[in-house]
1. List every residue pair whose Cβ atoms lie under 9 Å apart, where the two residues are 6 or more positions apart in sequence or sit on different chains, the first residue falls within the stretch 78-93 and is in contact (Cβ under 8 Å) with a residue 24 or more places away in the chain, and the second residue, located anywhere, is of a type in the set (Asp, Glu).
2. Considering Pro4, Pro14, which residue is modelled with pLDDT under 95, under 24 Å from Arg165 (Cβ atoms), surrounded by fewer than 16 Cβ atoms within 10 Å (Cβ to Cβ) and out of contact with any helix residue (DSSP H, G or I) (no Cβ under 7 Å at 6 or more places or on another chain)?
3. Go through the stretch 110-125 and report how many residues are touching a residue at least 40 places away in the same chain (Cβ under 8 Å), assigned to a strand (DSSP E or B) and out of contact with any Pro (no Cβ under 9 Å at 6 or more places or on another chain).
4. Filter the stretch 199-221 for residues that are crowded, with 16+ Cβ neighbours inside 10 Å and part of a helix (DSSP H, G or I) and give the result.
5. Condition first: in a loop (DSSP other than H, G, I, E, B), surrounded by fewer than 17 Cβ atoms within 10 Å (Cβ to Cβ), of a type outside the set (Asp, Glu) and modelled with pLDDT under 95. Can you find one or more residues in the stretch 222-240 that meet it?
6. Quick one: is Ala196 touching a Ser or Thr at 6+ places or on another chain (Cβ under 6 Å), crowded, with 23+ Cβ neighbours inside 10 Å, farther than 24 Å from Leu97 by Cβ and touching a residue at least 24 places away in the same chain (Cβ under 8 Å)?
7. For the stretch 82-96, give me each residue that is assigned to a loop (DSSP other than H, G, I, E, B) and either of a type in the set (S, T, N, Q) or closer than 25 Å to Ala197 by Cβ (or both).
Amino acid sequence: MTTPSFTPANDEPPRDAVYWAQMVATLKVGEVPAGAINLNVEGRRVTNPLQGFGPMWQKTYRVSLTGAAVTPDEVVRMWKARFPDFQPRENRLYPALAGVQPGEIVLLNASMRGLPVDSGLLVLYADDESFTFITPEGCPEAGWIMCSVYENEGTIVAQVQTQGRSNDPIFEFGFRFLGGAKQQEKIWMHVLRELAASFGVSEQVQVSKVCLDPRIRWSMATNVWTNATVRSVLYTMTTPVRWVRRGSRR
């Protein structure tokens, strides 16, 4: 992923502008894919690590596609096309019809320690060799997910790098004491193993973790009001009420 450059004096857009999502105040979901739940995304703002609550972590996951006769762009093309297929069963992802393209939204219907997490991801950046998601308000983690493929000494390497903080005190408790952080790590390890397997490769995923800022940002404790799990549980609990209302309108 490259850093966005400033618009030059002649007002011409930077050369990489086509790879970046347009800036928006709030997210808007287009057509909802069949089977997806559109919840905790519409009208939300995107968040970065500075807007999260817990310590800021950078986690890097890598797998070498040893022996695979492929190029980085071929791997990324496959990864984008089959992104939902590489997820574990508890993570159901629904890309927009346009796929993993800048500005598109991927709806997320998942579970965390048995509790529903209905949210989404915005494709912030996407080119031939990488793509990056940014999270909306209420997602378990406030930050970025950067997926890339590169060549290292003749071997193709697929990488996922996350950088973020827990959204609020509830998610921070879940990450620390209920195994949420380990579950998150297992998800990305699973994704890279499945990606490698699609090219006939069975390699161990390497994981490295760095705490970039150990501080708790108590000023962000109010993020709890957008907590996707709390709102998803309430949505599930009120499902019978919505059924009754729909029936009364017929």
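1. Correct list of pairs: Arg82/Glu194; Asp85/Glu194; Phe86/Glu194; Gln87/Glu194; Pro88/Glu194.
2. Result: Pro4 is the single residue among Pro4, Pro14 that is modelled with pLDDT under 95, under 24 Å from Arg165 (Cβ atoms), surrounded by fewer than 16 Cβ atoms within 10 Å (Cβ to Cβ) and out of contact with any helix residue (DSSP H, G or I) (no Cβ under 7 Å at 6 or more places or on another chain).
3. 3
4. Within the stretch 199-221, Met220 is the sole residue that qualifies.
5. Filtering the stretch 222-240 down to residues in a loop (DSSP other than H, G, I, E, B) leaves 227, 238.
Applying the additional criterion that residues be surrounded by fewer than 17 Cβ atoms within 10 Å (Cβ to Cβ) yields 238.
Still in the list and also of a type outside the set (Asp, Glu): 238.
Narrowing the set further to residues that are modelled with pLDDT under 95 leaves 238.
Yes, the stretch 222-240 contains at least one residue that is in a loop (DSSP other than H, G, I, E, B), surrounded by fewer than 17 Cβ atoms within 10 Å (Cβ to Cβ), of a type outside the set (Asp, Glu) and modelled with pLDDT under 95.
6. It is false that Ala196 is touching a Ser or Thr at 6+ places or on another chain (Cβ under 6 Å), crowded, with 23+ Cβ neighbours inside 10 Å, farther than 24 Å from Leu97 by Cβ and touching a residue at least 24 places away in the same chain (Cβ under 8 Å).
7. Residues satisfying the conditions are Arg82, Gln87, Pro88, Arg89, Glu90, Pro95.
Here is a yes/no grid of residues against (1) more than 26 Å from Asn152 (Cα to Cα); (2) in a helix (DSSP H, G or I); (3) without any contact (Cβ under 8 Å) to a residue 60 or more places away in the chain:
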position	(1), (2), (3)
Pro13	yes, no, yes
Val18	yes, yes, no
Val32	yes, no, no
Asn38	yes, no, no
Glu42	yes, no, yes
Thr66	no, no, no
Val75	no, yes, no
Ala98	yes, no, yes
Leu108	yes, no, yes
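The values are calculated or read from the model by the stated rules, or taken from the named source; none is laboratory data. Here the structure is a predicted model, which is why all the values come from computation and not from measurement. As a convention, Cβ positions derive from the backbone with ideal geometry for all residues, glycine included, and neighbour counts pool all protein chains shown.
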